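Working notes, structure below.
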Protein chains: 4
Amino acid sequence: MSAPKSLRQKMHELVFKTDTTAGNTFDLVVIGLIVTSVSFVVLESVDSIATQHHSFFQRVEWAFTILFTFEYLLRIYAAKNRWRYITSFFGLVDFLAIFPTYLSVIIPGSHNLLIIRVLRLMRIFRIMEMGHFVREGGIVVSALKASRIKIFIFLSFVVIASVFMGALMYLVENGHNPEIENIPEGIYWAIVTLTTVGYGDAIPVTGRGKLLASIVMILGYAVIAVPTGIVTAEISSRVLSPRKKENAKCLRCNNIDHHENAEFCYHCGESLEDLQD
Amino acid sequence: MSAPKSLRQKMHELVFKTDTTAGNTFDLVVIGLIVTSVSFVVLESVDSIATQHHSFFQRVEWAFTILFTFEYLLRIYAAKNRWRYITSFFGLVDFLAIFPTYLSVIIPGSHNLLIIRVLRLMRIFRIMEMGHFVREGGIVVSALKASRIKIFIFLSFVVIASVFMGALMYLVENGHNPEIENIPEGIYWAIVTLTTVGYGDAIPVTGRGKLLASIVMILGYAVIAVPTGIVTAEISSRVLSPRKKENAKCLRCNNIDHHENAEFCYHCGESLEDLQD
Amino acid sequence: MSAPKSLRQKMHELVFKTDTTAGNTFDLVVIGLIVTSVSFVVLESVDSIATQHHSFFQRVEWAFTILFTFEYLLRIYAAKNRWRYITSFFGLVDFLAIFPTYLSVIIPGSHNLLIIRVLRLMRIFRIMEMGHFVREGGIVVSALKASRIKIFIFLSFVVIASVFMGALMYLVENGHNPEIENIPEGIYWAIVTLTTVGYGDAIPVTGRGKLLASIVMILGYAVIAVPTGIVTAEISSRVLSPRKKENAKCLRCNNIDHHENAEFCYHCGESLEDLQD
Amino acid sequence: MSAPKSLRQKMHELVFKTDTTAGNTFDLVVIGLIVTSVSFVVLESVDSIATQHHSFFQRVEWAFTILFTFEYLLRIYAAKNRWRYITSFFGLVDFLAIFPTYLSVIIPGSHNLLIIRVLRLMRIFRIMEMGHFVREGGIVVSALKASRIKIFIFLSFVVIASVFMGALMYLVENGHNPEIENIPEGIYWAIVTLTTVGYGDAIPVTGRGKLLASIVMILGYAVIAVPTGIVTAEISSRVLSPRKKENAKCLRCNNIDHHENAEFCYHCGESLEDLQD
């Protein structure tokens, strides 16, 4: 028998929860507004459109800013822990999505920063917290989290390799190639090549440079396998045994890696019931 | 002792089945015609060829259209549920593959739409329903189906990231780069870069732009691992235990993940015979 | 107590076997010669080098041709089944590697075909039949063999998708883009884009074309995951349980997928000894 | 009760160990100095910066060289086996990072080789030997080690395929394409295409050349799956059963592939205690 809910409690459910019809509708409306407002920011950047409808775009911008300001204040009002919301990632994004318009009154041109509104699109992933989206997305997020150290080490290695190969390419091409005249340009070449993006703006022109580039490309071919291998291994381990807790440990003997449906520890016979989700 | 088959039943077997010699031959002939007709559509688009043999191409187009119209009517006649065939994907494609020629009598130029005939090439996959093609293709299709939510979430993320990074690149390059003069062009740059296609038409020209591009490329390097990981995990789980039904569940205790050759539920001893295929 | 070996038997061991010192040395010498001869063919294609040392290159070419002719005749002599060697892949390559030089006496210029000698480099993989190279390479080859139907289906799909998207791009860009003026050029664009090669020679120039290209790139991002997934799954299944025979089947009850170290069939108790390698 | 440590022992702990506070701090300081010195080498390569601050850069270079010389001598002094350190990879890199500055006194311009200092950045991975970095990085390194033969075979195949397809492209495009006028340029094209880098500098211009390129790209699409598959399989086997020793073998019956937490051999009952790590 729950006590009648206060206005603030009701607002909290509306604004922060996705498991009620009202909360769901609220989220959908907010995301619709975000997508529309981002579209306007994107369109406004196109000169031919912006100059033609300048005052229209300005009015739209203010309309969205006022709507989002209202939403921001509502979220502060409804938040269980107000300071925590304000300093959270989404709290900061919500603030930065309205601030530039107000700032542009004082400092003209600063409304360019409105593009931060794009980050609000991340709220789309909130909607996905409904139904089976949670589990599916959760697998990927959890796999990426588990891979983060390995991927960080790998990216460090790629950066160091890029610096080294960029410097090498500079030594080889320097004086022959107007696009690789210093080491930073060499590093840019190395990154563009190693990631197989290959714009074609900075390319080797000498024979020795092309030989070096060929070696870098063929080695890069093997290197690109590493991040894929890391992430795939983590996702695989989750897809193959989806219900296995990452750190499932017997509470008595601390053994891990139980059979995925085990009801008792394979080593000491302790019940594992509390570990199942 | 089956009753003698009606003409419609015989036609149904000929047109829709692949397990009789006649049905197989019919499919092969149809696919041969589709490949030939598509080749003519492709060749006709080459100006130097089309102007030289204009009337020949026109006659070929009408010949194929009449053949395919006959096939279309035959399929309607032979279909078990006619309305269902007409509104099915293949029914619509079959119709759209003949419609543009008739339309071009009234609206000249609309025969350009004949390229929809390319979609009829998908019937090639019908032929593959023979022999072991089914199981092999089935694994990939089933893995992609199982991955669809995860891949949809991932692609949403890529789109949002592209909008954000494209906007950022616009802020950095705007005014210096004639190829990135508005956010849509920035988004196009971001997509070309993140997917490692790297045409080289929209590229950063400022130092800060190249730095931003380098970061995007190196992060994209890790990101490309995600869809591969998702699909690989699903295919792996099918290749490693090919006969395991996706949702094999004990009929009595609802436990899943039985040994792939299990004849009895590992938990309650119920026979699993009906679950095996 | 084996009978003394005939000359032909000794030659057979020398030429076709890698498990004797002499056979090994013979293979290494042949591969050394192939690499050198290929290097000369490659160098001769460079105009500045070829014109300077024309007669030298001609003499080198004849020297290698005579050496390889001798080797070819030796192989025919030593082969257990001569006709089988002559019509085998390596037999044909061995012949085609010497034929163009002789042909160039009658038809000048045909020595260009000498580049077929490159294919002889495949003999390098013969050398790898030594030691642990066999098992390691065997895993990859066997995984690719097991994947071939799935990869063939996938590549068919990529080709059909390329035809369709190339035609679509032609409809969109036709008249605006000098690089995509007919469907074959559109298909070329689609292949360059889908495979993420992205030369940048055929690129969309209209807004609608860029939008279509963006969609193709993002979808292609997910598609590239499929072949990787297929091959990875097969390699994984071999690396994870390296000694499991692909088609290990109980000789009595035909059950497969035995425990990798099983000594008896898990279903009927039949000894599996003969299945182990 | 350990004996008091000699100065050399103390220095050894400071310089070569990461498990004491002092040793850790020393490593962090050294890495900080390396990053700074590399940044200066990179900046000095930019003409506009170098000419303006020439004498400043020269002084910085000498300062770092003297610091690193001191560090090098300290390492020699503190090393347990001095000759082994001097001839080790890091020993050589440490020497080559200071040598060019001294050499430039005799041979002007040789200080360009200072870029070898970039290799000293590898010491960053020493820092990672702390905490959980070891295990995470260890998985990737061990997976790459286990894949090295397979990847070497694969890269050999890619090189041979590149030579063959480059030669074929030369035969097709020779005389029509100023960028593919000899086989080395054809090989460069093949490598740029197969690795999906696709700079766009060497591209086919004839219809037949584009057809050949399309086939190479689509086949390359399947080929790129191989290294990923190899590395992923190895990483997967380590992530899925992280504690399984690669070559864990029962000491009595030589059986391998024990249950990852097994305490007794599944075949002969021998205790496996000594095999656990």
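The values are calculated or read from the model by the stated rules, or taken from the named source; none is laboratory data. Here the structure is a predicted model, which is why all the values come from computation and not from measurement. Reconstructed Cβ throughout: ideal geometry from the backbone, glycine too, with neighbour counts over all protein chains shown.
Just one residue in the set A:63, A:50 is in a helix (DSSP H, G or I), under 20 Å from residue A:101 (Cα atoms) and modelled with pLDDT under 85; that residue is A:50. The condition of being modelled with pLDDT of 90 or more and of a type in the set (Ser, Thr, Tyr) does not hold for residue C:228. Any idea which of C:103, C:121 is assigned to a helix (DSSP H, G or I), more than 24 Å from residue D:223 (Cβ to Cβ) and among the aliphatic types (A, V, I, L, M)? Just one listed residue meets the conditions, C:103.
In summary, residue C:143 fulfils each of the numbered conditions (1) more than 9 Å from chain B (Cβ to nearest Cβ); (2) modelled with pLDDT of 90 or more; (3) in a helix (DSSP H, G or I) with the single exception of condition (2). Assess whether residue B:207 counts as being farther than 20 Å from residue C:231 by Cα, facing chain C (nearest Cβ under 10 Å) and at pLDDT 90 or above. For residue B:207, the condition - farther than 20 Å from residue C:231 by Cα, facing chain C (nearest Cβ under 10 Å) and at pLDDT 90 or above - is not met. Residue under question is residue D:82, and the condition is that it be under 25 Å from residue D:19 (Cβ atoms) and modelled with pLDDT under 80; does it hold? When the stated conditions are applied, residue D:82 does not pass them.
Among the residues of segment A:195-219, those that are surrounded by fewer than 24 Cβ atoms within 10 Å (Cβ to Cβ), touching a residue at least 24 places away in the same chain (Cβ under 8 Å) and not hydrophobic (A, V, I, L, M, F, W, C) comprise A:206, A:208, A:209.
Residues are listed down the side, and each one gets a yes or a no for (1) more than 11 Å from chain A (Cβ to nearest Cβ); (2) buried (at least 20 other Cβ atoms within 10 Å of the Cβ); (3) modelled with pLDDT of 90 or more; (4) part of a loop (DSSP other than H, G, I, E, B):
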position	(1), (2), (3), (4)
D:160	yes, no, no, no
D:169	yes, yes, yes, no
D:185	no, yes, yes, no
D:193	no, yes, yes, no
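Could you tell me whether residue D:14 is surrounded by 16 or more Cβ atoms within 10 Å (Cβ to Cβ) and more than 27 Å from residue D:110 (Cα to Cα)? Here the answer is yes, as residue D:14 does meet what is asked. Quick check: is even one residue across segment B:20-35 over 19 Å from residue C:171 (Cβ atoms), at pLDDT below 85 and outside any helix (DSSP H, G or I)? Yes, the conditions are met somewhere in segment B:20-35.
The single condition among (1) part of a helix (DSSP H, G or I); (2) charged (D, E, K, R); (3) surrounded by fewer than 13 Cβ atoms within 10 Å (Cβ to Cβ) that residue B:71 does not meet is (3). Residues in segment D:171-183 that are more than 7 Å from chain C (Cβ to nearest Cβ), assigned to a helix (DSSP H, G or I) and surrounded by 24 or more Cβ atoms within 10 Å (Cβ to Cβ): 1 in all.
On the basis of being within 17 Å of residue B:112 (Cα to Cα), part of a helix (DSSP H, G or I) and among the acidic types (Asp, Glu), does residue B:13 make the cut? No; evaluated as a whole, the condition is false for this residue. Given A:218, A:235, which one is of a type outside the set (Gly, Ala, Ser) and away from chain B (no Cβ under 13 Å)? Result of the check over A:218, A:235: A:218. Exactly one residue among A:45, A:39, A:55 is small (Gly, Ala, Ser), touching a Pro at 6+ places or on another chain (Cβ under 8 Å) and under 30 Å from residue B:175 (Cβ atoms), and that residue is A:45. Inspection of segment D:20-31 finds a residue satisfying the criterion of being farther than 29 Å from residue A:162 by Cβ, surrounded by 13 or more Cβ atoms within 10 Å (Cβ to Cβ) and touching a Lys or Arg at 6+ places or on another chain (Cβ under 8 Å). Within segment B:74-98, the residues that satisfy the criterion of being assigned to a helix (DSSP H, G or I) and either touching a residue at least 40 places away in the same chain (Cβ under 8 Å) or over 22 Å from the mean Cα position of the chain (by Cα) (or both) are B:74, B:75, B:76, B:77, B:78, B:82, B:83. I'd like to check something: does segment A:112-119 contain any residue that is within 30 Å of residue B:231 (Cβ to Cβ) and at pLDDT below 85? Checked segment A:112-119: at least one residue is within 30 Å of residue B:231 (Cβ to Cβ) and at pLDDT below 85. Per the conditions (1) more than 21 Å from residue A:115 (Cα to Cα); (2) within 11 Å of chain C (Cβ to nearest Cβ); (3) in a helix (DSSP H, G or I), the sole criterion not satisfied by residue B:153 is (2). Per the listing B:61, B:44, the residue uniquely touching a Ser or Thr at 6+ places or on another chain (Cβ under 8 Å) and without any contact (Cβ under 8 Å) to a residue 60 or more places away in the chain is B:61.
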